[in-house]
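Here is the structure we will look at, set down as structure tokens.
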Amino acid sequence: MAERDTKNQKPVDVETILEALESLSAERILSISEQAHPGDVEQAFERLDESSREELLNNLPAEVLSEWADYLPAADVERGLTSLPVGEKREVLEALSDDELVDLLQEVEEEDRSQYIELLPEEKRQVSEDLMRYPEQTAGGRMTTAMAAISVNLTVKEALQELEGSRDEAELLSRIFVVDDERHLLGKMRLRDLAFSTWDTPIASLMSTGQISVHAMEDQEAAGQMIARYDLVALPVVDDENHLLGVITHDDALDIIEEESTEDIEKISGIGGDRGDLAYLQTPVLSHFRRRFGWVLVLAFLALTSGFVLIEFEAVFTAYFVLAIYYPMVVAAGGNTGAQSATMVIRAMALGEFDTREFGRVIWKESRIGILLGSLLGVCVALQINFLLPAKYHPEGLSISKVALVVAAALTIQIMTSTLCGALLPILARKLRLDPAVVASPAITTLVDVSGAIIYFTLARAMFM
């Protein structure tokens, strides 16, 4: 996303922007576009209901849509374009930065895509078609070609003259990439290196080599992590032969990390499908329903297994009804610790904190954590049963210490196995080249519900009957 010239813009209260948008007053909207930063306008857009947003986009002037287009979801920009005449559509499309334009073209219908591409000037059309060769979720699909690149054969004076012609198009000039005659990436330099060097200094003597880069077909999440790990302002994107294709800027990296984190959180919560780029309030109810129903249905039927386990151990449950008091706690503790373990392991894998060679260390670490958690909670519940359980709940003909032993042992084993299961399932998913986040917390919770019932009543039957 290109950084807009915001010299006349300042932070404006979102409520003020929202009121202007809802008024549908052309004068107020134009005034807001001149005063407010588009990032604040984006926040206000997310709070508009469906009908208000549609009416606004159908009446939004081209000059305002051009100002906001880089910040609004592609679906909103597309809707705003439909009501504009051809000349104004061209104005909005030309105002979009390369990467945002490609996002729009990838989302629209094939017929509209061809129409929009025809409206672009030749140079921008070529850039868009080149970028669309890369899948949307790859580094190439997120890069921009609006960058500063100079030849290694130039002097400082020649380089400044060359950059003069591209200063308006480049997203940032703070990082300048150095290439050879065949556009192989050789290194980078800063603008201040040029500013404080004599005009006859060769570029080759100023540039820093060993440049970090990412392949165009690499996953966008890896690119975002590289920018964060190496504290980069811009990450160059290259092909198999190390030709410089474009860059991913730090602001795009923030968007990538947010998108990937949201995707992982939703998968962990058992929400499937493509979220799209609409905010929560703008997403239709049916879209939310479709993304949640599948997992909920599967897990609901999987949870029936717990019912069959209870029937299998009906005699134990009926004879020693005091077990009913602690059964929910044993099951819930297992679900909670399993979900915690899975979340920690999935996060660590997403951040690249360990690789496949260290999976054994992870399992050993989580096993020890499970033992400590289970043992401590087991001791606590045993003390509660022995000293704090009201006498009316004490089973006749059975030592209360025996009940405490069974509950404590079941709780300890349940937490140990659940913690291990929560760590193991994401790791197995990674081994099978699946997304670890698909091993969602609801799935783990349901699984340990079943295991908890089996552990609890098996121990009780062995001890009491």
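For the Cα atoms of the chain, what angle does the longest principal axis make with the long axis of helix 400-431, in degrees from 0 to 90, nearest 10?
30
If you take the Cα Rg of region 390-432 and divide it by 2.2 N^0.38 Å, with N the number of residues, what do you get?
Taking the Cα Rg and dividing by 2.2 N^0.38 Å, one obtains 1.89.
Could you report the accessible area of S151 in Å², rounded to 10, computed with a 1.4 Å probe on the protein chains as they sit in the structure?
Surface accessible to solvent at S151 totals approximately 20 Å².
How would you classify region 343-465 from its alpha-carbon gyration tensor, with a ≥ b ≥ c the square roots of the eigenvalues: rounded for a/c under 1.5, else prolate if a/b is greater than b/c, otherwise oblate?
It is prolate, given that a/c is not under 1.5 and a/b is the larger ratio.
Ordering V247, V296 by how much accessible area each has at a 1.4 Å probe, largest first, what is the list?
Descending order: V296, V247.
With charges set only on the Cβ (+1 for Lys and Arg, -1 for Asp and Glu), what does the dipole of region 205-263 come to about its Cα centre, in debye to the nearest 20?
420
For Cα pairs less than 8 Å apart in space and 6+ apart in sequence, what is the mean separation divided by the residue count of region 47-131, i.e. the relative contact order in percent?
So the answer I get is 28 percent.
Taking the Cα centre of each part, how many Å lie between region 26-44 and region 215-236?
For region 26-44 versus region 215-236, the Cα centre distance is 32 Å.
Can you pull the one-decimal nm distance between simple spin-label points at Q43 and H394, each 7 Å off the Cα toward Cβ?
Roughly 6.2 nm, to one decimal.
Describe numerically, in nm with one decimal, the distance between label points set 7 Å from Cα along Cα→Cβ at E110 and at E63.
Taking the two extended label points, one gets 3.9 nm.
Multiply the residue separation of T198 and V12 by 0.36 nm, subtract the distance between their alpha-carbon atoms, and state the gained length in nm to one decimal.
Roughly 62.6 nm would be gained on extension.
Express in nm, to one decimal, how much length is gained between E169 and F387 on full extension, taking 0.36 nm for each residue of separation and deducting their alpha carbon distance. List each step's numbers first, then the result.
Values: separation 218, 0.36 × 218 = 78.48 nm, distance 7.55 nm.
Extra length from E169 to F387 when fully extended: 70.9 nm.
Report, in debye and to the nearest 20, how large the dipole of the chain comes out about its Cα centre when Lys and Arg carry +1 and Asp and Glu carry -1 on their Cβ. Could you put the intermediate results ahead of the total?
Numbers: 38 positive and 76 negative charges, 782 e Å.
In total the dipole reaches around 3760 debye.
Relative contact order of the chain, please, whole-number percent, based on alpha carbon pairs below 8 angstrom and at least 6 residues apart.
Over the chain, the number comes to 12 percent.
Here are a few candidate values for P(r) over Cα pairs in 20 Å bins from 0, in percent: [x] 23, 52, 25, 1; [y] 25, 56, 17, 1, 0; [z] 19, 39, 27, 13, 2. Which one was actually calculated from the structure I just gave you?
[z]
Which listed residue (L194, Q115, G294) has the Cα farthest towards the positive end of the charge dipole for the chain, taking +1 on Lys and Arg C-beta and -1 on Asp and Glu C-beta about the Cα centre?
G294
Please give the Cα centre distance for region 108-138 versus region 366-392, rounded to the nearest Å.
62
Using a 1.4 Å probe, what is the accessible area per residue for the chain, in Å²?
Ligands and nucleic acids excluded, the figure is 51 Å² per residue.
If you filter region 82-154 for trypsin sites (Lys or Arg not before Pro), then keep DSSP loop positions with at most 14 other Cβ within 10 Å, what is left?
Answer by residue number: R133.
Based only on the alpha carbon positions, what is the Kirkwood hydrodynamic radius of region 155-202, in angstrom?
Evaluated over region 155-202, this radius sits at 11.3 Å.
Before rounding to the nearest 500, sum -39500 (n - 2.57) across all DSSP H runs of length at least 4 in the chain and divide by the residue total; then give [θ] at 222 nm in deg cm²/dmol. It would help to have the intermediate numbers written out before the result.
Details: 22 runs with 287 residues, N = 465.
Only helices count here, giving -19500 deg cm²/dmol.
Given a Förster distance of 22 Å, report the FRET efficiency between D239 and L160 from their Cβ-Cβ distance, rounded to the nearest 0.05.
Result of the calculation: an efficiency of 0.20.
What is the percent carbon and sulfur in the accessible area of region 131-245, measuring with a 1.4 Å probe over the protein chains and ignoring ligands? Let's see the in-between values first.
On the way: 2820 of 5770 Å².
The C+S portion of the solvent-accessible surface of region 131-245 is 49 percent.
May I ask you to compute the full-extension gain from E312 to E353, defined as 0.36 nm times their residue separation minus their alpha-carbon distance, rounded to one decimal in nm?
Residue separation times 0.36 nm, minus the Cα-Cα distance, leaves 10.4 nm.
Helix 441-464 against the longest principal axis of the chain: what's the angle in degrees, Cα atoms only, rounded to the nearest 10?
Tilt relative to the chain: about 10 degrees.
In the chain, what is the count of Lys pairs whose alpha carbons are under 19 Å apart, counting only pairs at least 8 residues apart or on separate chains?
5
For helix 250-268, report the angle its Cα long axis makes with the longest principal axis of the Cα atoms of the chain; keep it between 0 and 90° and round to the nearest 10°.
Approximately 20 degrees, to the nearest 10.
To the nearest 20 debye, what is the magnitude of the charge dipole of region 35-107 about its Cα centre, counting +1 on the Cβ of each Lys and Arg and -1 on the Cβ of each Asp and Glu? Before the final figure, lay out each step's value.
On the way: 5 positive and 20 negative charges, 50 e Å.
The calculated dipole for region 35-107 is roughly 240 debye.
Before anything else, pin down the relative contact order of region 374-437: Cα pairs under 8 Å, at least 6 apart, normalised by residue count, whole percent.
On the way: 41 pairs, mean separation 23.5, N = 64.
Relative contact order, region 374-437: 37 percent.
Using the Cα atoms of region 84-151, I'd like the radius of gyration and the largest Cα-Cα distance, Dmax, both in angstrom.
When restricted to the Cα atoms of region 84-151, Rg and Dmax are 12.2, 42 Å.
Please work out the Cα convex hull volume for region 290-414 and give it in Å³ per residue.
Per-residue hull volume (Cα only) is 147 Å³.
Which residues' amide hydrogens lie under 5 Å from the amide hydrogen of L172, considering only partners 5 or more residues apart or on another chain, with H built in the peptide plane?
Those lying under 5 Å, H to H, from L172 are A148.
So if I average 1/r over every pair of distinct C-alpha atoms in region 43-181 and take the inverse, what Kirkwood radius in Å does that give?
Final number for the Kirkwood radius of region 43-181 is 16.7 Å.
How far apart, in nm, are two points set 7 Å out from the Cα along the Cα-to-Cβ line at K402 and at S51?
In this crude spin-label approximation the distance works out to 6.9 nm.
Sort 453-461, 38-46, 181-189 by packing, meaning the average of other beta carbons within 10 Å per residue, with the highest value first.
My ranking of the peptides, most packed first, is 453-461, 38-46, 181-189.
Ranked highest first by average number of other Cβ atoms within 10 Å, how do 288-295, 328-335 line up?
For the peptides 288-295, 328-335, the packing ranking is 328-335, 288-295.
The values are calculated or read from the model by the stated rules, or taken from the named source; none is laboratory data. Values in this document were obtained by computation on a predicted structure and should not be read as measured data. Every residue, glycine among them, receives a Cβ derived from its backbone with ideal geometry; neighbour counts consider all protein chains shown. The area values use the complete protein model at the heavy-atom level, side chains included, leaving out ligands, DNA and RNA. Shrake-Rupley method; radii C 1.70, N 1.55, O 1.52, S 1.80 Å.
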